[in-house]
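Bear in mind these aren't lab numbers, they're just calculated from the coordinates by the rules spelled out. Keep in mind that this is a model prediction, so the values were computed, not measured. So basically every Cβ, Gly included, is an ideal-geometry build from the backbone, and we count neighbours across all protein chains shown.
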Amino acid sequence: MPVKKLSAARCKSLPVICKRFRNMMKERSRLNHLPFESEVLTVRFLMAHIETNPKCQRCGVPFAIGGVKNGVQAAASPSIDRIIPSLGYTLKNVAILCWRCNNLKRDADPAELKKVADLMDASLGCIMG
Ligand SMILES: [Zn+2]
């Protein structure tokens, strides 16, 4: 399936979002003594990455750029994920996920998420079956 590029209107707020991502990575790496590949994970790199891959790397939902409404982050807004949190912000350890996916994995590991998903499937089977 062809990847749809971001519209011009959505691209206008992308530099602001990418600057915020970069500042956040810099600050969190400093506070938590984590690696940060600042020469690779530039605003320009992040913008190009989102423009050419405007979907969540986990669930595939198209990103909602500028999706904050009344101070609440939209579920489809892009966010920076550390795949393995202790490895910091490196090219190989960073993914751009929708806010919802990032938030779901914040407090659970894959085994816990799978257990919950299996229980949800089983419950639906009881109701639907
Ligand atoms: Zn997602």
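The table for this structure:
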| quantity | calculated |
| --- | --- |
| Built amide H within the under 5 Å cut-off of V61, gap 5+ | C56 |
| Hz values of 3J(HN,Hα) by residue in region 55-63 - Karplus curve (6.51, -1.76, 1.60), Gly and Pro given as x | 10, 4, 6, 9, 9, x, 5, x, 5 |
| P(r) weight above 16 Å for region 8-128, C-alpha pairs, percent | 65 |
| Simple spin-label estimate for M120 and I84 in nanometres, 7 Å along Cα-Cβ | 2.7 |
| Summed residue charge, Cβ within 11 Å of R100's Cβ, Lys/Arg positive, Asp/Glu negative | +3 |
| Ranked by how many other beta carbons lie within 10 Å on average, peptides 28-37, 99-108 from highest | 99-108, 28-37 |
| Whole-Hz couplings from phi, Karplus 6.51/-1.76/1.60, listed for region 100-115; x for Gly and Pro | 5, 4, 5, 5, 4, 7, 4, 10, 9, 8, x, 5, 5, 4, 5, 4 |
| Spherically averaged projected area of region 32-96 from its Cα convex hull (nm²) | 5.1 |
